[in-house]
Amino acid sequence: MHKAPAGGEYDSSARPEGDAHPGRPASNALHKAPAHGEHGGSGSGEGDAHPDRAYATGPHAASAAGEPEASSRHTAPGIGDRPLAHSADGKGPAPQRPPEPRGGLLMGRPFGVPVYVAPSWFLVAALITWVFGGQLERVLPELGAARYLVSLFFAVAFYASVLVHELAHTVAALRFKLPVRRIQLQFFGGVSEIEKEAETPGREFVLAFVGPLLSLVLAGLFYAAMQTVEPGTVPGVLLAGLMISNLIVAAFNLLPGLPLDGGRMLRAVVWKITGKPMTGTVAAAWVGRALAVSVLIGLPLLTQSGALGTEAVDNVGMDTVLDALLAAILAAIIWTGAGNSLRMARLREHLPDLRARALTRRAVPVETHTPLSEALRRANAAGARALVVVDAHGDPVSLVREAAIAGVPEHRRPWVAVSGLAQDLTDGMRVSAELSGEELLDALRATPATEYLVVEETGEIYGVLSAADVERAFVKAMARPS
């Protein structure tokens with residue numbers, strides 16, 4: 001029996017892997033500094049600057065959608081509570097905007113969204129070609145070696161169906177004005193990386209349902225095409241295989257557990273009933289974990305019993321081992337995806353706690369030619385943790401980078417002007433003190449830097465926001481219980 005890769009679920013994430021971090025610092029950062037009388041929690045952000053949603057054709061997407069993982073990245077210990085003048089750390093380079101993640105070969109940009117084929121796709125394409133070719137040898141023995149060309153065509157056509165499934169998610173997201181970063185075809189299906197959370201349970205349900213719906217429509221189209229060709233021919237076998245594969249994709253992804261599409265639909269229903277998205281996520285995630293256990297135990301039993309259309313097997317052979325291995329992989333991916341969905345939901349729940357006003361460090365203004373030692377003396381006397389370089393009119397022109405300060409030996413600080421350690425301010429490095437949650441993280445993502453000038457609505461300087469402080473607050477929010 002041919003085992004088509006599972007398809008069609010989506011997962012919160014996204015992310016997708018190490019993407020544009022909100023101003024990832026080049027070196028250790030000062031932290032735990034009160035800002036103008038406010039005490040902001042120290043924390044850190046990992047992964048993407050804000051939670052992504054990844055609609056995925058295949059449970060593999062649950063782990064590939066770029067979920068933040070506190071254990072996979074580590075923020076180096078900061079200078080912390082030591083006075084600014086006693087900082088001792090290596091000098092880091094000026095921050096650079098991280099390159100846009102690729103994730104494989106770029107195949108095109110339908111609706112303006114890049115579509116990538118991951119290297120793992122070639123592995124699964126070879127696997128499908130080999131398995132389906134073995135079936136063709138029994139059904140159409142006259143093909144000979146050409147059966148593998150037919151099998152390769154089937155693999156490409158099947159993933160074209162997966163792409164249609166993902167494009168359904170993408171079009172729905174764009175219709176709801178949710179930005180889509182990319183689509184990626186990979187080992188167990190595909191991923192549509194959608195960067196925003198659906199605003200209502202109704203939209204959440206639609207975003208999840210359109211993928212399996214398109215797979216069912218494709219299955220119907222392939223069935224209709226089957227009626228126009230002779231059974232037992234190459235076109236007949238291909239159309240039958242594509243019909244069955246799309247039915248499997250739709251049925252599998254309608255199972256009501258995260259990270260599958262059906263799990264998102266269940267989440268939307270519970271969200272609608274309770275009015276609490278977190279409650280919906282918890283319910284759908286635990287159903288997803290139950291599904292993972294069911295797949296792990298049930299799939300090998302069903303295959304061995306012949307319930308899936310194969311002959312019942314009494315002994316343990318290679319097919320039984322392969323079935324058990326496939327079940328273990330699927331179960332692990334579903335379980336992991338459900339857990340990732342819970343973590344991202346917890347993060348979204350605590351995102352409003354990330355407030356620029358609470359995380360901002362007190363800063364002192366210094367003139368361009370002020371020696372570093374004098375600037376640090378003023379900062380320590382005022383209990384400040386940051387330096388802002390101002391012009392003759394008192395207007396801010398640059399920020400002294402913490403990494404640069406740490407790289408200057410103490411005996412040289414009287415001879416080094418602060419202007420030589422500062423980064424010129426750009427429009428993107430000025431953020432409002434009123435920003436919080438996703439708005440704050442989006443602002444930092446737009447202009448990656450190590451420090452930002454925080455200003456009041458009147459334009460008055462409020463202080464300096466360190467990206468490292470935001471990172472730590474981000475991870476602290478992830479670890480906080482719901």
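The table below gives the values:
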quantity: Exclusive hit being assigned to a helix (DSSP H, G or I), closer than 17 Å to Ile248 by Cα and out of contact with any Phe, Trp or Tyr (no Cβ under 7 Å at 6 or more places or on another chain), set Ala145, Ala173, Ala160; calculated: Ala160
quantity: Subset of the stretch 103-136 (residues that are open to solvent by less than 30 Å² (accessible area, probe 1.4 Å) and more than 19 Å from the chain's Cα centre (by Cα)); calculated: Gly108, Val124, Ala125, Ile128, Thr129, Phe132, Gly133, Gly134, Leu136
quantity: Residue within the stretch 262-284 that is in contact with a Ser or Thr (Cβ under 9 Å, 6 or more places away or on another chain) and not in a helix (DSSP H, G or I) present; calculated: no
quantity: Options Gly280, Gly232, Gly262; residue that is in contact with a Pro (Cβ under 8 Å, 6 or more places away or on another chain), farther than 21 Å from Val191 by Cβ and among the small types (Gly, Ala, Ser); calculated: Gly280
quantity: Residue within the stretch 427-450 that is of a type in the set (S, T, N, Q) and more than 25 Å from the chain's Cα centre (by Cα) present; calculated: yes
quantity: When residues of the stretch 357-404 are limited to those that are open to solvent by 60 Å² or more (accessible area, probe 1.4 Å) and within 11 Å of Ile461 (Cβ to Cβ), the one nearest to the chain's Cα centre (by Cα); calculated: Arg362
quantity: Members of the stretch 428-473 found to be among the acidic types (Asp, Glu), open to solvent by 10 Å² or more (accessible area, probe 1.4 Å) and in contact (Cβ under 8 Å) with a residue 12 or more places away in the chain, listed by number; calculated: Glu434, Glu438, Asp442, Glu451, Glu456, Glu457
quantity: Single residue of the stretch 185-239 satisfying the filter (open to solvent by less than 10 Å² (accessible area, probe 1.4 Å) and among the hydrophobic types (A, V, I, L, M, F, W, C)) that is nearest to the chain's Cα centre (by Cα); calculated: Ile194
quantity: Matching residues, the stretch 261-294, being of a type in the set (Ser, Thr, Tyr) and open to solvent by less than 40 Å² (accessible area, probe 1.4 Å); calculated: Thr281
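The values are calculated or read from the model by the stated rules, or taken from the named source; none is laboratory data. All values reported here derive from a predicted model rather than from experimental measurement. FYI the Cβ positions are ideal-geometry reconstructions off the backbone, even for glycines, and counts take in every protein chain you see. The accessibility values were calculated without ligands, DNA or RNA, using every heavy atom of the protein model including side chains. Shrake-Rupley method; radii C 1.70, N 1.55, O 1.52, S 1.80 Å.
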